[in-house]
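In what follows, a structure is listed as structure tokens, so that the remarks can point back to it.
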Amino acid sequence: MARFKFRLGAKARDTVTGFEGIITARNEWLNGCIQYCLKPKVDKDGKIPEGEWIDEQQVELVRKAASKAAAKTTGGPQKDAPAG
């Protein structure tokens, strides 16, 4: 089982692009690659932007996850899940 470096609900930044968001999902691929989905804030028009999947090696913590941001099993994938 994967040992993820960052918790769901934490605010993180892509060290290469500066993209920031809340970690809303994480995954581990067969070859050992671990990625996190960073979801930015709602834009000025009130639209929810797409999340970006970033490799663990280029993710840095901005703010720890709130204690109430616990993972819950709720069902299927989200709309911005990575394509296989």
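Values quoted throughout were computed directly from the atomic coordinates according to the rules given, and no laboratory measurement underlies them. The model shown is predicted, which means the values in this text are computed figures rather than measured ones. Here the Cβ is made from the backbone with ideal geometry for all residues, glycine too, and neighbour counts use every protein chain on show.
Structure data summary
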quantity	calculated
Scan of segment 34-59 for residues that are outside any loop (DSSP other than H, G, I, E, B), acidic (D, E) and over 11 Å from the mean Cα position of the chain (by Cα), ordered by number	none
Residue pairs meeting the criteria (Cβ under 6 Å; at least 6 apart or on separate chains; first without any contact (Cβ under 8 Å) to a residue 24 or more places away in the chain, in segment 6-29; second of a type in the set (G, A, S) and surrounded by fewer than 17 Cβ atoms within 10 Å (Cβ to Cβ))	none
Pick from segment 9-33, criterion β-branched (V, I, T) and within 8 Å of the chain's Cα centre (by Cα), ranking: surrounded by the most Cβ atoms within 10 Å (Cβ to Cβ)	I23
